[in-house]
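A quick write-up on the structure given underneath.
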Amino acid sequence: MHYNGSPYRTIWPDPQNPRQISIIDQRALPFTFLVETISTSAEMISAIRDMHVRGAGLIGAAAGFGIYLAALEAPDEAFDDYMQEAARRFDASRPTARNLMWAVERVLMAMAAAPDAAGKRDIAFRTACAIADEDALFCASIGRHGMEIIAAISRKKKGAPVNILTHCNAGWLAFVDHGSATAPIYAARDAGIPLHVWVDETRPWNQGARLTAWELEQEKIANTLICDNTGGHLMQLGMVDMVIVGADRVTRSGDVVNKIGTYLKALAARDNNIPFYVALPSSTFDWRLDNGGEIPIEQRKEEEITTLTGIDGEGVLRTVKLAGENTRAANYSFDVTPARLVTMLITERGLVKAERSAIRRLFPEVGGDAAQGSRTTHENP
Ligand code: MRU
């Protein structure tokens, strides 16, 4: 997608020196566009944990490159032990997002085919690049499938702008390119369909205010920022035609774990008869789980709730306190939206009901009872 008119991905290896991985430091947006270079696995773990990079697909791509960096650091004589420990640390850096563990697992499995450390390092790099390329490709495909839904609503509205509500940032910045929830929006714009996006600010980290509004502006998509409590009211007034959100993990039965507050939007949408779509690449499915309640929910630091960071009138970045000195806060980062509240899932293979047998038919190679991947960790690094 575009920043200042130039196309960018959110993560890329330096073509001259692939030991250096570039990322956009999302903590600085929307005020500064900062490209950061990562050259060790420890730096990549910090970048994931401290949210320089965030969002399901991008966390996965970052973990893929991070495992490659770990492979460069691993001593030949203790290669496998080093890699197992690195994998454990990556898995623990953000416990909810499935893409992270999926990418770590995928690179480790690919590396196992090589006979020596040099071959494993080479495969690690190629697999990390493939994960990033595939993420961009799958999101573009989600865009094409999701665009049909927007087009149908547009026809019904006889060309009046389609009002879409989204929560958090499941946009270009949360993936390698296009985004999941935003890909249909970009595709609809490209097809000339008039639309407008209601952007939930998404407390406490404000991904909506800081990132989604900014990236939609970069792409010249009409959007309006609303506070998280406003969506239900707009739905009652008939000002929302559809909701599209992303997902951090989806069970094989279609339960959706996404940014905290998503569940409330799904309830409001159901009460107002508004379709509620969840866009995700297949890398976000957790094929081992049925029940969303089994997914570990990350709890982040209290300061994300008790403080607010932004720029003052002089353009200086400042953090201010919102709550009293002794006020304690509980920062649950994600919630579970039960499958019954989801109208359809939008995947790279097409639309599918959020229901076990339908999902299994669309992904017959992985949708069975066999667990995909065996490692899982819920601990903090
Ligand atoms: O904590 P974050 O910002 O990494 O959370 C992830 C998200 O951005 C959202 O939950 C998003 O809607 C799904 S990620 C595609």
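The values are calculated or read from the model by the stated rules, or taken from the named source; none is laboratory data. Computed from a predicted structure; not experimentally measured. With ideal geometry, Cβ positions are generated from the backbone for all residues, glycine too; neighbour counts draw on all protein chains shown.
One residue stands out in the range 264-303 among those that are under 14 Å from the mean Cα position of the chain (by Cα) and within 12 Å of the ligand (Cβ to nearest atom): the one that is farthest from Leu237 (Cα to Cα), namely Ser283. Given the condition within 16 Å of the ligand (Cβ to nearest atom), part of a helix (DSSP H, G or I), charged (D, E, K, R) and out of contact with any Pro (no Cβ under 7 Å at 6 or more places or on another chain), answer yes or no: does some residue in the range 87-106 qualify? Checked against the condition, which is being within 16 Å of the ligand (Cβ to nearest atom), part of a helix (DSSP H, G or I), charged (D, E, K, R) and out of contact with any Pro (no Cβ under 7 Å at 6 or more places or on another chain), the range 87-106 yields at least one hit.
Yes or no, residue by residue, for (1) outside the structural domain of Val257 (by TED's automatic domain parsing); (2) under 24 Å from Ser180 (Cα atoms); (3) free of Cβ contacts under 8 Å to residues at least 24 places away in the same chain:
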residue	(1), (2), (3)
Pro13	yes, yes, no
Gln16	yes, no, yes
Ile24	yes, yes, no
Pro30	yes, yes, no
Val35	yes, yes, yes
Gly57	yes, yes, no
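Criterion first (β-branched (Val, Ile, Thr), more than 10 Å from the ligand (Cβ to nearest atom), part of a strand (DSSP E or B) and crowded, with 24+ Cβ neighbours inside 10 Å) does Ile185 satisfy it?
Answer is no for this residue.
Of all residues in the range 102-127, those satisfying the criterion of being touching a residue at least 24 places away in the same chain (Cβ under 8 Å), of a type in the set (Gly, Ala, Ser) and either in the same structural domain as Arg288 (by TED's automatic domain parsing) or closer than 10 Å to Ala71 by Cα (or both) are Ala117, Ala124. Looking at this structure, is Pro95 touching a residue at least 12 places away in the same chain (Cβ under 8 Å) and under 22 Å from the mean Cα position of the chain (by Cα)? Yes: the conditions hold for Pro95.
Within the range 243-263, the set of residues being more than 10 Å from the ligand (Cβ to nearest atom) and under 12 Å from Ile297 (Cβ atoms) comprises Tyr263 only.
Per this entry, Trp205 is counted among residues that are outside any helix (DSSP H, G or I) and either surrounded by 19 or more Cβ atoms within 10 Å (Cβ to Cβ) or outside the structural domain of Asn331 (by TED's automatic domain parsing) (or both).
Determine, yes or no, whether Thr127 is part of a loop (DSSP other than H, G, I, E, B) and crowded, with 17+ Cβ neighbours inside 10 Å. Answer is no for this residue. Checked across the range 304-318, the condition of being touching a helix residue (DSSP H, G or I) at 6+ places or on another chain (Cβ under 9 Å), away from the ligand (no atom under 14 Å from the Cβ) and aliphatic (A, V, I, L, M) holds for at least one residue.
Do the conditions hold for Met44, that is, is it touching a residue at least 24 places away in the same chain (Cβ under 8 Å), in the same structural domain as Arg121 (by TED's automatic domain parsing) and either away from the ligand (no atom under 16 Å from the Cβ) or in contact with a strand residue (DSSP E or B) (Cβ under 9 Å, 6 or more places away or on another chain) (or both)? Yes; evaluated as a whole, the condition is true for this residue.
Among the residues making up the range 136-182, a single one is touching a Pro at 6+ places or on another chain (Cβ under 9 Å), among the aliphatic types (A, V, I, L, M) and within 12 Å of the ligand (Cβ to nearest atom): Ile142.
For the range 251-259, the criterion of being touching a residue at least 60 places away in the same chain (Cβ under 8 Å), in contact with a strand residue (DSSP E or B) (Cβ under 7 Å, 6 or more places away or on another chain) and over 23 Å from Ile142 (Cα atoms) is met by none of the residues.
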